[in-house]
Amino acid sequence: MNVLLLGSGGREHALAWKLAASPLTDQLWCAPGNAGIAQEAVCVPLDIADHRAVIDFCKANKIDFLVVGPEAPLCAGIVDDLEASGIKAFGPSKVAAQLEGSKGFTKDLCREFNIPTAAYERFTAAAPAKDYVRKQGAPIVVKADGLAAGKGVVVAQTIDEALAAIDMMFGGSLGAAGAEVVIEECLIGEEASFFVLCDGAHAIPLGSAQDHKRAFDGDKGPNTGGMGAYSPPPVMTDAISARVMSDIINPTMAGMAKRGHPYKGVLFAGLMITAQGPKLIEYNVRFGDPETQVLMLRMMSDLLPALIAARDGELAHFDVRWYGEAALTVVMAANGYPGSYEKNTVIEGLAEAAQTEGVEIFHAGTRADGDRILAIGGRVLNVTARGKNVAEAQARAYRAVDKIRWPQGFCRRDIGWQAVAREQASRP
Ligand code: AMP
């Protein structure tokens, strides 16, 4: 088969690595890709926001199946446009992608179908939103309704902080994403990410992970797109996973189908495991980054037939198999990230680092310049390893990190610390 993957991050490199390994894949393309993806796929400089250009490329190159990485093209309806042109594509329709594109849409679905989530109200003006905050008290969470590239959520510890967040969002600094605001109860517990593959009627689990959002060791510093992740997280026991499927995922699938918008694609549930059980914080309509990097290392089955079965509505009897080992990924970012950083710095030692036992290195913001690999983004590399437990995966990942020579980059040295501490505590 000829397969086209859209995207250019570490998530897409991990997907490309798995798709390229499929015996079904004759030719893998990626648009626009990066220097690491170029080892697995032919990278093409397509503007993926230009649906017409993507369709023309698919027709010219006889693409049999298309996989979309990031959320922006999904929310812009690229799957609808491709399917309307007769091209098979993996991912949700534009309406179904509102599970990520509109927080209000998801909260209303939760209310209608009894899905456990934080209590909330939606607002289109500042004054009633502020009255609600004063009535509810703090801590409280203020969210812009639309896609805001991670800047649309304020977990306010005081009423004043919440009022300032309301002014900021309605003040227009987030653009259209802030035209509506959701205010919700602050949930207490441990966070985890849970992934399922959906075919419109059925969902099958794709594993779970925990990530580290803060830039620096000890979970300190500014929020980022994610500085590392590991799987499986100890908090996601079989009992909790079964509850997530029965109380959250299956009612979501049924609700979307009942509304006439069956959900196909990957569904990524951000969860809070509270004392009352798992509650939904938010949905994303695509694979997570950096969670995908660890999930793909743990996946034993071929990814491509699973994605095709989801697209074709045939997951009911589908089975995905996993390695029993743990996996962990360390993100290497440019100094200064998530603020401003230098570009086009040289990374050395990658080939040697990749030889480390159990290790795969997935690229995010990289570009090849002849034989040299240059850093061109904030998050640049995902040094990912498998091991018999999180501690071994962590040791292997850092062994590889230490072979990479990139003075203009940094990483956290404590990815997976909670899981490693739990593993040590439970050792006889
Ligand atoms: P989101 O963009 O919805 O993932 O939110 C970003 C982060 O804000 C989440 O990963 C949580 O850490 C936090 N958060 C969002 N909603 C809540 C909530 N209702 N209670 C507590 N923390 C939340």
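The values are calculated or read from the model by the stated rules, or taken from the named source; none is laboratory data. The shown structure was predicted, so the numbers you read here are calculated from the model rather than taken from an experiment. Neighbour counts are summed over all protein chains in view; Cβ atoms, including those assigned to glycine, are modelled from backbone coordinates with ideal geometry. Just the protein is used for accessible areas: all its heavy atoms, side chains included, with ligands, DNA and RNA removed. Shrake-Rupley method; radii C 1.70, N 1.55, O 1.52, S 1.80 Å.
Listed values, structure above:
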item	result
Counted residues, region 274-320 - those being open to solvent by less than 10 Å² (accessible area, probe 1.4 Å), farther than 13 Å from residue 91 by Cα and among the aromatic types (Phe, Trp, Tyr)	1
First in region 177-195 and over 16 Å from residue 142 (Cα atoms), second anywhere and open to solvent by 30 Å² or more (accessible area, probe 1.4 Å) and within 13 Å of the ligand (Cβ to nearest atom), Cβ under 7 Å, 6 or more apart	193/211
Count of region 102-128 residues which are within 13 Å of the ligand (Cβ to nearest atom) and either of a type in the set (S, T, N, Q) or closer than 23 Å to residue 245 by Cα (or both)	11
Those strands (runs of 3 or more DSSP E) lying entirely in region 362-412 with at least 3 residues modelled with pLDDT of 95 or more and either of a type in the set (Lys, Arg) or surrounded by 17 or more Cβ atoms within 10 Å (Cβ to Cβ) (or both)	372-375, 379-387
Matching residues in region 149-161 - criterion: being open to solvent by 20 Å² or more (accessible area, probe 1.4 Å) and near the ligand (Cβ under 8 Å from one of its atoms)	150, 153, 155
Top-ranked residue of region 206-239 - restricted to ones that are under 16 Å from the mean Cα position of the chain (by Cα) and without any contact (Cβ under 8 Å) to a residue 60 or more places away in the chain, ranked as farthest from residue 300 (Cα to Cα)	214
Residues located in region 1-48, provided they are open to solvent by 40 Å² or more (accessible area, probe 1.4 Å), among the small types (Gly, Ala, Ser) and within 21 Å of residue 372 (Cα to Cα)	8, 38
Subset of region 240-265 (residues that are in contact (Cβ under 8 Å) with a residue 60 or more places away in the chain, open to solvent by less than 10 Å² (accessible area, probe 1.4 Å) and either more than 16 Å from the chain's Cα centre (by Cα) or within 16 Å of the ligand (Cβ to nearest atom) (or both))	248, 252, 255, 256, 263
Matching option when the condition is within 30 Å of residue 422 (Cβ to Cβ) and among the acidic types (Asp, Glu), among 180, 190, 161	190
Any hit, region 342-358, residues being at pLDDT 95 or above, charged (D, E, K, R) and open to solvent by less than 40 Å² (accessible area, probe 1.4 Å)	no
Tabulated pairs, region 31-58, first within 20 Å of residue 74 (Cβ to Cβ), second acidic (Asp, Glu), C-beta under 7 angstrom, 6+ apart or interchain	37/12; 51/81; 53/47; 55/81
Selection from region 35-76 of residues that are assigned to a helix (DSSP H, G or I) and polar (S, T, N, Q)	39
Pick from region 319-342, criterion in a loop (DSSP other than H, G, I, E, B) and hydroxyl-bearing (Ser, Thr, Tyr), ranking: nearest to the chain's Cα centre (by Cα)	337
Matching residues in region 275-310 - criterion: being away from the ligand (no atom under 16 Å from the Cβ) and in a strand (DSSP E or B)	299
Subset of region 162-180 [touching a Lys or Arg at 6+ places or on another chain (Cβ under 7 Å) and within 15 Å of the ligand (Cβ to nearest atom)]	174, 180
Residue ID - most open to solvent (accessible area, probe 1.4 Å), chosen from residues in region 219-239 that are under 22 Å from residue 365 (Cα atoms) and part of a loop (DSSP other than H, G, I, E, B)	225
